[in-house]
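**Student:** Have a look at this one.
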Amino acid sequence: MDEYQGFKGLDTMTFAQELLQPIDLFAGHQFAVVSNDKEILIGDIYLQRDANKLWLGYTMNPKFARQGYMHKIIQAVISEIHLDKTVVAILAGVEIANEASSNLLKKLGFKYLETEDGEDIYIFNY
């Protein structure tokens, strides 16, 4: 999971300052996924607005993989973003070899769009 984290290697003060920045989805924003009961970082999602589309990225701590967390989180993102009628689609890129992530997106209603730069791109249309 660490290889995709934008916060890796930051000291505590810099990390806190980054988290407290105003949310600007056009610039992109990373959100922590924390378990309610243990207050442990279990993953993250990244959202970036591109005109009338939203790019979605996510990583999961392997200790918490395949337990339904990311399914619920992406489902909530889909529902919340649907309230913004200016967003017509959500896009997500997945490494070609990551079958679990591809299957998750398909289960949530995403459709394969194309392969670009070593990633399969999936789209969810509203």
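**Student:** Working only within the stretch 107-122, note down all residues that are in contact (Cβ under 8 Å) with a residue 24 or more places away in the chain and at negative phi.
**Tutor:** Answer for the stretch 107-122, where residues must be in contact (Cβ under 8 Å) with a residue 24 or more places away in the chain and at negative phi: K107, L108, E119, D120, I121, Y122.
**Student:** Can you spot a residue in the stretch 95-106 that is within 17 Å of A32 (Cα to Cα) and not in a helix (DSSP H, G or I)?
**Tutor:** no
**Student:** Can I ask one more? Looking at this structure, is I23 over 19 Å from F124 (Cβ atoms), touching a strand residue (DSSP E or B) at 6+ places or on another chain (Cβ under 7 Å) and exposed (fewer than 11 other Cβ atoms within 10 Å of the Cβ)?
**Tutor:** yes
**Student:** Checking the conditions here, which among D84, D44 is surrounded by 17 or more Cβ atoms within 10 Å (Cβ to Cβ) and under 20 Å from H29 (Cβ atoms)?
**Tutor:** Exactly one of D84, D44 is surrounded by 17 or more Cβ atoms within 10 Å (Cβ to Cβ) and under 20 Å from H29 (Cβ atoms), namely D44.
**Student:** Okay, moving on. Does I74 satisfy being in a helix (DSSP H, G or I) and either of a type in the set (S, T, Y) or in contact (Cβ under 8 Å) with a residue 12 or more places away in the chain (or both)?
**Tutor:** yes
**Student:** Would you point out the residue of the stretch 93-126, among those that are β-branched (V, I, T) and loosely packed, with under 14 Cβ neighbours inside 10 Å, that is nearest to the chain's Cα centre (by Cα)?
**Tutor:** The selected residue is I96.
**Student:** Out of everything in the stretch 54-81 that is more than 18 Å from Y122 (Cα to Cα) and among the polar types (S, T, N, Q), what residue ends up being surrounded by the fewest Cβ atoms within 10 Å (Cβ to Cβ)?
**Tutor:** Among those residues, the one meeting the criterion is Q67.
**Student:** Here are the criteria: (1) touching a His at 6+ places or on another chain (Cβ under 7 Å); (2) in a strand (DSSP E or B). Tell me which single one L113 does not satisfy.
**Tutor:** Condition not satisfied by L113: (1).
**Student:** Moving on to the next point. Which count do you get for residues in the stretch 1-60 that are at pLDDT 85 or above and charged (D, E, K, R)?
**Tutor:** Matching residues across the stretch 1-60 total 4.
The values are calculated or read from the model by the stated rules, or taken from the named source; none is laboratory data. On a predicted model such as this, the values are computed, not experimentally measured, just so you know. No Cβ is skipped: glycine too gets one built from the backbone with ideal geometry, and neighbour counts run over all protein chains shown.
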